[in-house]
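Please read the structure below before turning to the comments.
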Amino acid sequence: MKTALISNPIKDVGFACAAKVAEYLLSKKAEVFSDKDGIFAGVKKLPLEECVKNADVVITVGGDGTILHTASLSAKAGVPLLGINLGKVGYMAEIEPDELFLLDRLFDKNYTSEKRMLLDAKVIRNGKTVFAATALNDAVISRGRKLRMSNISLYERDNHICDYVTDGLIFSTPTGSTA
């Protein structure tokens, strides 16, 4: 099994949890990629996009933010994602650090996967795309930190829906908004 192991160095200090995951995966003869150096001997370093693209599964070690950061790459590559929670909320992660034994289910193919809706958002000004992103939970369109009124026209593909004079809009998937 080819595995992308993506760890948040702020949550996973010294890659302590990621090293345990890598050790386990390597003991099962998995090929492990990471975008970070120094996680564990035998883990091949690749750019993040390459890690995900070459994997059969992506395992994130961190919090919900780590999952959100990796989700669009994982979805674009058609690779399932499993989160190990080191954060405070962890509502998107499936397992806790003391449940690494559950990784056996990956090798036994004893698991279920859940498809999640993604949101593609673009900001277009004067006919030019100035920002584009894919989101697992929500997309916020605003003028930034200073709340000022904006004229926003909302389209779904090429269909005009309506115009707003507002300080911002939040679009949320069923996974949920951070608002």
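The values are calculated or read from the model by the stated rules, or taken from the named source; none is laboratory data. Here the structure is a predicted model, which is why all the values come from computation and not from measurement. A quick note on method: Cβ atoms are made from the backbone with ideal geometry, for glycine too, and the neighbour counts reach across all protein chains shown. What goes into the accessible areas is simple: the full protein's heavy atoms, side chains included, and nothing from ligands, DNA or RNA. Shrake-Rupley method; radii C 1.70, N 1.55, O 1.52, S 1.80 Å.
Being surrounded by 17 or more Cβ atoms within 10 Å (Cβ to Cβ), under 23 Å from Ser113 (Cα atoms) and touching a residue at least 40 places away in the same chain (Cβ under 8 Å) narrows it down to one residue among Gly65, Gly87, Gly83; which is it? Let's see the steps before the verdict.
On the way: Gly65 fails: surrounded by 17 or more Cβ atoms within 10 Å (Cβ to Cβ); Gly83 fails: touching a residue at least 40 places away in the same chain (Cβ under 8 Å).
The conditions single out Gly87.
What residue, among those in segment 165-179 that are at pLDDT below 85 and surrounded by 10 or more Cβ atoms within 10 Å (Cβ to Cβ), is nearest to Lys76 (Cα to Cα)?
Filtering segment 165-179 for residues that are at pLDDT below 85 and surrounded by 10 or more Cβ atoms within 10 Å (Cβ to Cβ), the one nearest to Lys76 (Cα to Cα) comes out as Thr175.
Hey, can you tell me all the residues within segment 52-62 that are open to solvent by 50 Å² or more (accessible area, probe 1.4 Å) and out of contact with any Phe, Trp or Tyr (no Cβ under 8 Å at 6 or more places or on another chain)?
Step one: list which residues in segment 52-62 are open to solvent by 50 Å² or more (accessible area, probe 1.4 Å), which gives 53-54, 56.
Residues satisfying the conditions are Lys53, Asp56.
May I ask you to verify whether Thr134 is hydroxyl-bearing (Ser, Thr, Tyr), in contact with a strand residue (DSSP E or B) (Cβ under 9 Å, 6 or more places away or on another chain) and touching a residue at least 60 places away in the same chain (Cβ under 8 Å)?
When the stated conditions are applied, Thr134 passes them.
For segment 5-33, what are the residues that are touching a Ser or Thr at 6+ places or on another chain (Cβ under 7 Å) and aliphatic (A, V, I, L, M)?
Leu5, Ile6, Ala18, Leu25, Ala30, Val32
Only one of (1) touching a helix residue (DSSP H, G or I) at 6+ places or on another chain (Cβ under 7 Å); (2) open to solvent by 70 Å² or more (accessible area, probe 1.4 Å); (3) without any contact (Cβ under 8 Å) to a residue 24 or more places away in the chain fails for Glu49. Which number is that?
(3)
Filter segment 128-164 down to the residues that are at pLDDT 85 or above, of a type outside the set (Val, Ile, Thr), within 30 Å of Ala93 (Cα to Cα) and open to solvent by less than 90 Å² (accessible area, probe 1.4 Å) and list them by number.
Passing the criteria: Ala132, Ala133, Ala135, Leu136, Asn137, Asp138, Ala139.
List the number of the failed condition for Leu106; all other conditions in (1) open to solvent by 70 Å² or more (accessible area, probe 1.4 Å); (2) closer than 30 Å to Lys28 by Cβ hold.
So the condition that Leu106 fails would be (1).
Filter segment 90-103 for residues that are over 15 Å from the mean Cα position of the chain (by Cα) and without any contact (Cβ under 8 Å) to a residue 40 or more places away in the chain; which is least open to solvent (accessible area, probe 1.4 Å)?
First pass over segment 90-103, keeping only residues over 15 Å from the mean Cα position of the chain (by Cα): 95-103.
Subsequent filtering for residues that are without any contact (Cβ under 8 Å) to a residue 40 or more places away in the chain retains 95-96, 98-99, 101-102.
On the way: Ile95: 11, Glu96: 76, Asp98: 121, Glu99: 57, Phe101: 127, Leu102: 49 Å².
Looking at the filtered set, the residue picked out is Ile95.
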